[in-house]
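The values are calculated or read from the model by the stated rules, or taken from the named source; none is laboratory data. In this text, all values refer to a predicted model and were calculated from it rather than measured experimentally. We place every Cβ from the backbone using ideal geometry, glycine too, and count neighbours over all the protein chains shown. The area values use the complete protein model at the heavy-atom level, side chains included, leaving out ligands, DNA and RNA. Shrake-Rupley method; radii C 1.70, N 1.55, O 1.52, S 1.80 Å.
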Amino acid sequence: MDFIKEEIEDMSDPEPSRIKHEDTEEQIDQMEMKEQRHKLNDVKKHFDFTTQGTKHKKLHTCSQCGKSFQRKGTLNEHMRVHTGEKPYTCTQCGKSFSHASSLNKHLLLHSGEKTFNCDQCGKDFKLSSSLKRHLKVHSDERPYVCSLCGNSFSWLMNFKQHQKTHNEVKDHVCFECGKSFTASTQLKRHQRIHTGERPYKCSSCDKSFAQSAHLKSHERVHTGEKPYHCTQCEKSFRDPTVLKVHLRIHSGEKPFNCDQCGKEFISSSNLKQHLKVHSGEKPFVCSFCGKSFSRLDSFKLHQKTHDEVRDHVCFDCGKSFTTSFNLKQHQRIHTGEKPYKCSYCNKSFTLSGSLKKHERVHTGEKPYHCTQCEKSFRHLSSLHFHMKKCCK
């Protein structure tokens, strides 16, 4: 809809506003330059005649919304907003469009042609407008500022969508489930949950995705590209959201809180996994031994023990492990690395779990409680030992 509005605005006649501006300048010139009065009066008469001609032009008014246009062709194009008519059809995929210019832009998707190049990073674009928007990334230009919260935006479209969040305007409604959204693009993405549509296909494997951003992130699995770099350490990531979560390790921020035990987490997925501890839910069951797991990654690691798959090998001693994480922990025996330092004393540890246990000596924390008596313990192993005696 925004695209159509922009196109209509571009096609509207700018002449009246230009004439008004020139009339004002003329009046100033008359006051400042009396010697040119007669000449300027002639010019003014000419523009007054032009203005009158413009006023008498027949306007073509939309019967649906009352908007007026100076060209009948522009009105006809506008009417497609109300009728939904899309007369321009792509011969390659059957998609239809209300404007010929929209079809021409769409055809570039099939050709793969990207003729517009960014001279700062080398990225290619199909449209000049896309390149223009992209250049704002390099300039850090954010001309659209929200008067309510101070957030700034590079693009007018994003700014308008943001304003809807303050006004709580969600005028795009899903007819399947009733959920509403601030933008039509958000609704379209959501509807793929109901339809199962996955239009973005990976060119390297058979996987397909509902969102283009998910495809881009996935394709980096094949290319090995990790464009998102941590400023605190040397780690790089394929996805910006993973980097965002990683940065919380450095900042210590844990915004996700368990309402049952108060434990805090750096990501919502970690909290979700943790909640299964309280619910006792263990949906992943091993078909070999019947053991069940609350987490899929733990289940997959367990299956490796049955298959005797130990594909992570230590080059120092030849010992093999089921996961890269276990190998990395083992290698600290050879390197002597102890990255986990106590904040209360000078001790350091090879494992984060060992550090946590040690720090309870300083804090006095005893998180493991006996259900039979009132005793508490610093270590889980101590609780298990106590329970054997207590339950006899």
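If the condition is being surrounded by fewer than 13 Cβ atoms within 10 Å (Cβ to Cβ), of a type outside the set (Lys, Arg) and not in a loop (DSSP other than H, G, I, E, B), then segment 359-392 contributes 362, 363, 369, 380, 381, 384, 385.
Within segment 262-284, the set of residues being in contact (Cβ under 8 Å) with a residue 12 or more places away in the chain and not in a loop (DSSP other than H, G, I, E, B) comprises 268, 270, 271, 273, 274, 275, 276, 277, 278, 284. If you go through segment 113-132 and keep only what is surrounded by fewer than 14 Cβ atoms within 10 Å (Cβ to Cβ) and assigned to a helix (DSSP H, G or I), you end up with 128, 129, 132.
Quick check: anything in segment 199-212 assigned to a loop (DSSP other than H, G, I, E, B), open to solvent by less than 80 Å² (accessible area, probe 1.4 Å), within 25 Å of residue 368 (Cα to Cα) and touching a residue at least 12 places away in the same chain (Cβ under 8 Å)? Checking segment 199-212: not a single residue is assigned to a loop (DSSP other than H, G, I, E, B), open to solvent by less than 80 Å² (accessible area, probe 1.4 Å), within 25 Å of residue 368 (Cα to Cα) and touching a residue at least 12 places away in the same chain (Cβ under 8 Å).
The single residue among 292, 269 that is modelled with pLDDT of 85 or more, farther than 30 Å from residue 233 by Cα and among the small types (Gly, Ala, Ser) turns out to be 292. Within segment 231-251, the set of residues being touching a residue at least 12 places away in the same chain (Cβ under 8 Å) and either out of contact with any helix residue (DSSP H, G or I) (no Cβ under 9 Å at 6 or more places or on another chain) or part of a helix (DSSP H, G or I) (or both) comprises 240, 242, 243, 245, 246, 247, 248, 249, 250. Being at negative phi and loosely packed, with under 15 Cβ neighbours inside 10 Å is the requirement here; does residue 172 meet it? So residue 172 fails the test.
Only residues that are surrounded by 11 or more Cβ atoms within 10 Å (Cβ to Cβ) and within 24 Å of residue 201 (Cα to Cα): list them for segment 101-112, please. Scanning segment 101-112 gives 102, 103, 104, 105, 106, 107, 108, 109, 110. Might you check whether a residue that is open to solvent by less than 50 Å² (accessible area, probe 1.4 Å), without any contact (Cβ under 8 Å) to a residue 12 or more places away in the chain and under 25 Å from residue 263 (Cα atoms) occurs anywhere in segment 327-348? For segment 327-348, residues open to solvent by less than 50 Å² (accessible area, probe 1.4 Å), without any contact (Cβ under 8 Å) to a residue 12 or more places away in the chain and under 25 Å from residue 263 (Cα atoms): present. Looking across segment 214-240, the residues that are touching a strand residue (DSSP E or B) at 6+ places or on another chain (Cβ under 9 Å), open to solvent by 60 Å² or more (accessible area, probe 1.4 Å) and closer than 25 Å to residue 196 by Cα come down to 214, 216.
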